[in-house]
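Just below is one structure, and these are the notes that go with it.
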Amino acid sequence: MKHPPREPVPVTVISGFLGAGKTTLLRHILSQPQGRRFGVLVNDFGEINIDAALIVETAGDQISLSNGCVCCTIQDDLIEEIAALVADRPDIDGILIEASGVSRSIPIVEAIETSKLASLVVLDGVFCVVDAAAMPELDYAAMELAIDQITGADMLILNKVDLVAPPERDAMEQRLRGVMPSLRIVPAVEANVPRELLFGVTRQADTKGKITEETCSCSDHDCHHHHEHHHHGDPHAEVFASWSWQTEDVLDEKRFRAAIRKIPPAIMRAKGILHLQGDGGQRVMEFHLVGKRSSLTPAAAALSDGNPASTLVMIGMREAIDPQALRKTFEACLEVHA
(Lines give C-alpha, C1' and ligand atoms only; values in the text may rest on other atoms or scores of the structure.)
Protein backbone atom coordinates (compact mmCIF):
# COMPACT_ATOMS: atom_id res chain seq x y z
CA MET A 1 0.00 0.00 0.00
CA LYS A 2 1.29 3.44 -0.92
CA HIS A 3 1.80 5.73 2.08
CA PRO A 4 0.93 9.45 1.81
CA PRO A 5 3.94 11.78 1.64
CA ARG A 6 5.15 12.90 5.05
CA GLU A 7 5.41 16.50 6.12
CA PRO A 8 8.90 18.04 5.77
CA VAL A 9 11.09 17.24 8.78
CA PRO A 10 12.05 20.33 10.82
CA VAL A 11 15.79 20.95 11.06
CA THR A 12 17.49 22.76 13.95
CA VAL A 13 21.08 23.99 13.55
CA ILE A 14 23.34 24.46 16.60
CA SER A 15 26.36 26.62 15.83
CA GLY A 16 28.98 28.39 17.91
CA PHE A 17 32.70 28.72 18.49
CA LEU A 18 34.90 25.99 19.94
CA GLY A 19 34.08 25.24 23.58
CA ALA A 20 30.93 27.38 23.68
CA GLY A 21 28.69 24.53 24.85
CA LYS A 22 27.12 23.14 21.68
CA THR A 23 27.77 19.54 22.66
CA THR A 24 26.46 20.14 26.18
CA LEU A 25 23.23 21.50 24.69
CA LEU A 26 22.99 18.48 22.39
CA ARG A 27 23.47 16.08 25.31
CA HIS A 28 20.69 17.83 27.25
CA ILE A 29 18.31 17.34 24.32
CA LEU A 30 19.22 13.69 23.72
CA SER A 31 19.08 12.80 27.42
CA GLN A 32 15.57 14.29 27.75
CA PRO A 33 13.97 14.23 24.28
CA GLN A 34 10.47 14.64 25.76
CA GLY A 35 8.95 12.05 23.46
CA ARG A 36 10.58 13.33 20.28
CA ARG A 37 12.78 11.19 18.02
CA PHE A 38 15.72 13.05 16.54
CA GLY A 39 18.16 12.39 13.77
CA VAL A 40 21.44 14.07 14.73
CA LEU A 41 24.24 15.04 12.36
CA VAL A 42 27.59 15.91 13.94
CA ASN A 43 31.21 16.21 12.84
CA ASP A 44 32.76 13.85 15.35
CA PHE A 45 31.17 11.34 17.72
CA GLY A 46 34.18 11.62 19.98
CA GLU A 47 33.09 15.11 21.01
CA ILE A 48 29.57 14.09 22.06
CA ASN A 49 30.34 11.73 24.94
CA ILE A 50 26.82 10.31 24.89
CA ASP A 51 25.88 8.48 28.07
CA ALA A 52 26.60 4.79 27.54
CA ALA A 53 23.16 3.96 28.95
CA LEU A 54 21.60 5.68 25.93
CA ILE A 55 23.52 3.75 23.30
CA VAL A 56 21.78 0.71 21.82
CA GLU A 57 24.26 -0.05 19.06
CA THR A 58 27.05 1.49 17.02
CA ALA A 59 27.44 0.72 13.33
CA GLY A 60 29.95 2.57 11.19
CA ASP A 61 29.02 6.23 11.18
CA GLN A 62 25.74 5.77 13.04
CA ILE A 63 24.80 5.40 16.71
CA SER A 64 21.31 4.21 17.64
CA LEU A 65 20.01 5.48 20.99
CA SER A 66 17.48 3.98 23.36
CA ASN A 67 15.23 7.06 23.12
CA GLY A 68 14.64 6.43 19.42
CA CYS A 69 17.16 9.03 18.28
CA VAL A 70 20.05 8.31 15.94
CA CYS A 71 23.40 10.10 15.56
CA CYS A 72 25.28 10.18 12.25
CA THR A 73 28.68 11.53 11.32
CA ILE A 74 28.62 14.33 8.76
CA GLN A 75 30.63 13.38 5.70
CA ASP A 76 31.53 15.57 2.74
CA ASP A 77 28.06 16.33 1.39
CA LEU A 78 25.58 17.58 3.97
CA ILE A 79 22.72 17.55 1.48
CA GLU A 80 23.19 13.85 0.78
CA GLU A 81 23.51 13.08 4.49
CA ILE A 82 20.23 14.83 5.28
CA ALA A 83 18.40 13.12 2.41
CA ALA A 84 19.75 9.71 3.45
CA LEU A 85 18.76 10.27 7.08
CA VAL A 86 15.18 11.18 6.13
CA ALA A 87 14.96 8.14 3.85
CA ASP A 88 16.49 5.71 6.37
CA ARG A 89 14.57 6.94 9.41
CA PRO A 90 10.94 7.78 8.57
CA ASP A 91 10.19 7.72 12.31
CA ILE A 92 12.19 10.84 13.24
CA ASP A 93 10.38 13.98 14.37
CA GLY A 94 13.24 16.37 13.74
CA ILE A 95 16.89 16.71 12.74
CA LEU A 96 19.59 18.38 14.83
CA ILE A 97 22.79 19.53 13.16
CA GLU A 98 25.77 20.38 15.37
CA ALA A 99 28.03 22.57 13.29
CA SER A 100 31.77 22.51 13.68
CA GLY A 101 33.15 25.13 16.04
CA VAL A 102 35.09 26.69 13.17
CA SER A 103 32.31 26.61 10.58
CA ARG A 104 29.88 29.29 9.50
CA SER A 105 26.16 28.61 9.67
CA ILE A 106 25.12 30.32 6.43
CA PRO A 107 26.47 27.54 4.14
CA ILE A 108 24.60 24.99 6.30
CA VAL A 109 21.37 27.00 5.97
CA GLU A 110 21.88 27.26 2.21
CA ALA A 111 22.31 23.46 2.03
CA ILE A 112 19.11 22.87 4.02
CA GLU A 113 17.14 25.27 1.82
CA THR A 114 18.39 23.84 -1.48
CA SER A 115 15.75 22.65 -3.93
CA LYS A 116 16.98 19.07 -3.53
CA LEU A 117 15.71 19.05 0.06
CA ALA A 118 12.63 21.27 -0.37
CA SER A 119 10.11 18.44 0.01
CA LEU A 120 12.10 16.59 2.68
CA VAL A 121 13.04 19.12 5.36
CA VAL A 122 12.28 22.65 6.53
CA LEU A 123 14.59 24.93 8.51
CA ASP A 124 13.10 25.42 11.98
CA GLY A 125 15.80 27.48 13.67
CA VAL A 126 19.49 28.38 13.84
CA PHE A 127 20.89 28.79 17.36
CA CYS A 128 24.38 30.07 18.11
CA VAL A 129 25.92 29.16 21.47
CA VAL A 130 28.38 31.75 22.84
CA ASP A 131 30.73 31.34 25.80
CA ALA A 132 30.09 34.49 27.83
CA ALA A 133 33.31 34.05 29.79
CA ALA A 134 35.64 33.26 26.89
CA MET A 135 34.33 35.52 24.11
CA PRO A 136 36.02 38.75 25.33
CA GLU A 137 39.37 36.93 25.25
CA LEU A 138 39.16 35.79 21.61
CA ASP A 139 41.79 37.14 19.22
CA TYR A 140 40.82 39.12 16.13
CA ALA A 141 40.47 36.17 13.74
CA ALA A 142 38.49 34.07 16.24
CA MET A 143 36.26 37.03 17.12
CA GLU A 144 35.56 37.66 13.44
CA LEU A 145 34.43 34.05 13.01
CA ALA A 146 32.35 34.14 16.21
CA ILE A 147 30.56 37.32 15.05
CA ASP A 148 29.91 35.69 11.68
CA GLN A 149 28.35 32.69 13.46
CA ILE A 150 26.19 35.01 15.55
CA THR A 151 24.94 37.08 12.62
CA GLY A 152 23.94 33.89 10.79
CA ALA A 153 21.76 32.70 13.69
CA ASP A 154 18.13 33.35 14.56
CA MET A 155 18.86 33.37 18.27
CA LEU A 156 21.94 33.59 20.49
CA ILE A 157 22.32 31.36 23.56
CA LEU A 158 24.67 33.26 25.88
CA ASN A 159 26.09 30.33 27.81
CA LYS A 160 28.07 30.22 31.09
CA VAL A 161 26.56 33.48 32.35
CA ASP A 162 27.24 32.25 35.87
CA LEU A 163 30.96 32.78 35.22
CA VAL A 164 30.56 36.46 34.29
CA ALA A 165 29.84 39.42 36.54
CA PRO A 166 26.54 41.18 35.73
CA PRO A 167 28.21 44.43 34.53
CA GLU A 168 30.44 42.48 32.11
CA ARG A 169 27.48 40.51 30.82
CA ASP A 170 25.42 43.68 30.31
CA ALA A 171 28.30 45.33 28.45
CA MET A 172 28.65 42.29 26.18
CA GLU A 173 24.95 42.26 25.36
CA GLN A 174 25.05 45.98 24.59
CA ARG A 175 27.97 45.51 22.19
CA LEU A 176 26.25 42.64 20.41
CA ARG A 177 22.99 44.54 20.10
CA GLY A 178 24.89 47.56 18.81
CA VAL A 179 25.83 45.48 15.77
CA MET A 180 22.54 43.53 15.58
CA PRO A 181 19.65 45.46 17.19
CA SER A 182 17.13 42.69 16.48
CA LEU A 183 19.24 39.98 18.11
CA ARG A 184 17.41 37.76 20.60
CA ILE A 185 19.73 36.75 23.46
CA VAL A 186 18.90 33.83 25.77
CA PRO A 187 20.99 33.54 28.98
CA ALA A 188 21.97 30.00 29.99
CA VAL A 189 24.01 28.03 32.49
CA GLU A 190 25.52 24.76 31.24
CA ALA A 191 23.63 25.29 27.94
CA ASN A 192 20.32 24.47 29.62
CA VAL A 193 17.44 26.30 27.90
CA PRO A 194 13.69 25.64 27.67
CA ARG A 195 12.75 23.20 24.91
CA GLU A 196 10.02 25.59 23.75
CA LEU A 197 12.70 28.03 22.61
CA LEU A 198 14.40 25.36 20.54
CA PHE A 199 11.44 23.51 19.07
CA GLY A 200 8.48 25.86 19.24
CA VAL A 201 5.61 26.74 21.51
CA THR A 202 2.32 24.87 21.72
CA ARG A 203 -1.16 26.06 22.55
CA GLN A 204 -2.22 25.55 26.16
CA ALA A 205 -5.93 25.19 26.93
CA ASP A 206 -7.93 25.42 30.13
CA THR A 207 -10.71 23.03 31.12
CA LYS A 208 -13.15 24.83 28.81
CA GLY A 209 -10.84 24.41 25.83
CA LYS A 210 -10.12 28.12 25.53
CA ILE A 211 -6.62 29.41 24.94
CA THR A 212 -5.60 31.54 27.89
CA GLU A 213 -2.74 33.80 28.87
CA GLU A 214 0.07 31.97 30.60
CA THR A 215 1.50 35.06 32.27
CA CYS A 216 -0.32 37.32 34.64
CA SER A 217 0.35 40.77 36.09
CA CYS A 218 -0.66 39.90 39.65
CA SER A 219 1.82 39.11 42.43
CA ASP A 220 2.65 35.46 43.02
CA HIS A 221 0.79 35.20 46.33
CA ASP A 222 -2.41 36.42 44.68
CA CYS A 223 -2.04 34.29 41.56
CA HIS A 224 -4.66 31.57 41.02
CA HIS A 225 -3.84 31.13 37.35
CA HIS A 226 -4.48 27.63 36.02
CA HIS A 227 -0.80 27.42 34.93
CA GLU A 228 0.41 28.28 38.45
CA HIS A 229 2.57 25.13 38.49
CA HIS A 230 4.91 26.91 36.09
CA HIS A 231 6.00 29.09 39.00
CA HIS A 232 7.41 26.15 40.93
CA GLY A 233 9.97 23.44 40.29
CA ASP A 234 11.01 24.73 36.87
CA PRO A 235 14.55 26.17 36.77
CA HIS A 236 13.55 28.37 33.84
CA ALA A 237 10.40 29.77 35.47
CA GLU A 238 12.22 32.76 36.97
CA VAL A 239 13.70 33.71 33.60
CA PHE A 240 11.09 32.81 30.97
CA ALA A 241 7.34 33.10 30.70
CA SER A 242 4.75 32.42 28.03
CA TRP A 243 1.76 34.47 26.94
CA SER A 244 -1.14 33.52 24.72
CA TRP A 245 -4.16 35.23 23.22
CA GLN A 246 -7.27 34.13 21.37
CA THR A 247 -10.01 35.90 19.46
CA GLU A 248 -13.10 34.68 17.63
CA ASP A 249 -12.89 37.67 15.29
CA VAL A 250 -11.08 37.88 11.97
CA LEU A 251 -7.80 39.82 11.90
CA ASP A 252 -6.79 42.35 9.29
CA GLU A 253 -3.77 40.90 7.47
CA LYS A 254 -2.01 44.22 6.81
CA ARG A 255 -2.36 45.27 10.43
CA PHE A 256 -1.12 41.92 11.64
CA ARG A 257 1.95 42.09 9.40
CA ALA A 258 2.65 45.54 10.81
CA ALA A 259 2.18 44.25 14.37
CA ILE A 260 4.75 41.50 13.78
CA ARG A 261 7.38 44.20 13.31
CA LYS A 262 6.51 45.60 16.75
CA ILE A 263 7.12 42.34 18.64
CA PRO A 264 9.77 43.24 21.26
CA PRO A 265 13.16 41.50 21.34
CA ALA A 266 12.13 39.95 24.67
CA ILE A 267 9.89 37.56 22.70
CA MET A 268 12.10 34.67 21.61
CA ARG A 269 9.63 32.29 20.03
CA ALA A 270 6.02 32.54 18.87
CA LYS A 271 3.40 30.58 16.96
CA GLY A 272 -0.07 31.37 15.77
CA ILE A 273 -2.97 29.98 13.75
CA LEU A 274 -4.73 33.02 12.34
CA HIS A 275 -7.86 33.84 10.36
CA LEU A 276 -6.80 36.84 8.29
CA GLN A 277 -8.72 39.11 5.95
CA GLY A 278 -6.59 40.49 3.14
CA ASP A 279 -6.86 41.72 -0.43
CA GLY A 280 -7.32 38.13 -1.62
CA GLY A 281 -10.14 37.39 0.80
CA GLN A 282 -10.15 35.47 4.07
CA ARG A 283 -7.59 32.73 4.67
CA VAL A 284 -6.07 30.75 7.52
CA MET A 285 -2.35 31.37 8.04
CA GLU A 286 0.30 29.90 10.31
CA PHE A 287 2.65 32.35 11.99
CA HIS A 288 6.10 31.43 13.33
CA LEU A 289 8.77 33.54 14.98
CA VAL A 290 12.19 32.13 15.86
CA GLY A 291 14.55 34.80 17.15
CA LYS A 292 14.94 37.44 14.44
CA ARG A 293 13.24 35.38 11.72
CA SER A 294 9.46 35.22 11.22
CA SER A 295 7.14 33.69 8.64
CA LEU A 296 3.46 33.81 7.73
CA THR A 297 2.39 30.91 5.50
CA PRO A 298 -0.88 29.18 4.53
CA ALA A 299 -1.97 26.78 7.26
CA ALA A 300 -2.53 23.10 6.65
CA ALA A 301 -6.16 22.12 6.12
CA ALA A 302 -6.19 20.18 9.38
CA LEU A 303 -5.44 23.40 11.29
CA SER A 304 -8.15 25.45 9.63
CA ASP A 305 -11.14 23.12 9.64
CA GLY A 306 -13.88 23.61 12.21
CA ASN A 307 -12.17 26.24 14.35
CA PRO A 308 -12.84 29.89 13.51
CA ALA A 309 -10.65 31.22 16.34
CA SER A 310 -7.25 32.84 15.91
CA THR A 311 -4.65 32.04 18.54
CA LEU A 312 -1.17 33.32 19.37
CA VAL A 313 1.34 31.85 21.82
CA MET A 314 4.64 33.50 22.73
CA ILE A 315 7.56 32.74 25.02
CA GLY A 316 10.20 35.18 26.17
CA MET A 317 12.00 36.86 29.05
CA ARG A 318 9.64 36.98 32.03
CA GLU A 319 10.47 40.46 33.30
CA ALA A 320 10.10 42.01 29.84
CA ILE A 321 6.78 40.47 28.78
CA ASP A 322 3.94 42.97 29.14
CA PRO A 323 0.61 41.10 28.69
CA GLN A 324 -1.42 44.31 28.44
CA ALA A 325 0.84 45.82 25.78
CA LEU A 326 0.87 42.62 23.75
CA ARG A 327 -2.90 42.31 23.95
CA LYS A 328 -3.32 45.94 22.86
CA THR A 329 -0.97 45.39 19.91
CA PHE A 330 -2.91 42.44 18.54
CA GLU A 331 -6.40 43.69 19.40
CA ALA A 332 -5.56 46.60 17.11
CA CYS A 333 -5.40 44.04 14.30
CA LEU A 334 -9.07 43.12 14.59
CA GLU A 335 -10.94 43.76 11.36
CA VAL A 336 -13.23 46.78 11.57
CA HIS A 337 -16.69 46.02 10.20
CA ALA A 338 -18.64 48.81 8.56
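Scanning the range 98-145 for residues that are under 30 Å from A165 (Cα atoms) and hydroxyl-bearing (S, T, Y) yields S100, S103, S105, Y140. Quick check: anything in the range 181-194 under 19 Å from the mean Cα position of the chain (by Cα), at positive phi and at pLDDT 85 or above? Yes, some residue in the range 181-194 is under 19 Å from the mean Cα position of the chain (by Cα), at positive phi and at pLDDT 85 or above. Just one of the listed residues (A84, A165, A141, A99) is free of Cβ contacts under 8 Å to residues at least 24 places away in the same chain, closer than 18 Å to G39 by Cβ and of a type in the set (A, V, I, L, M, F, W, C), and it is A84.
When K254, K262 are checked against the criterion of being in a loop (DSSP other than H, G, I, E, B) and either under 22 Å from A325 (Cβ atoms) or more than 16 Å from the chain's Cα centre (by Cα) (or both), a single residue qualifies: K262. Restricting the first member to the range 26-38 and to residues that are closer than 18 Å to V11 by Cβ, and the second to residues that are buried (at least 18 other Cβ atoms within 10 Å of the Cβ) and at pLDDT 85 or above, the beta-carbon pairs closer than 6 Å and six or more apart or on different chains are L26/E98; R37/I92; F38/G94; F38/L96.
The values are calculated or read from the model by the stated rules, or taken from the named source; none is laboratory data. A quick note: this is a predicted structure, and the numbers were derived from the prediction, not measured. Glycine also receives a Cβ, built like all others from the backbone with ideal geometry; neighbour counts cover every protein chain displayed.
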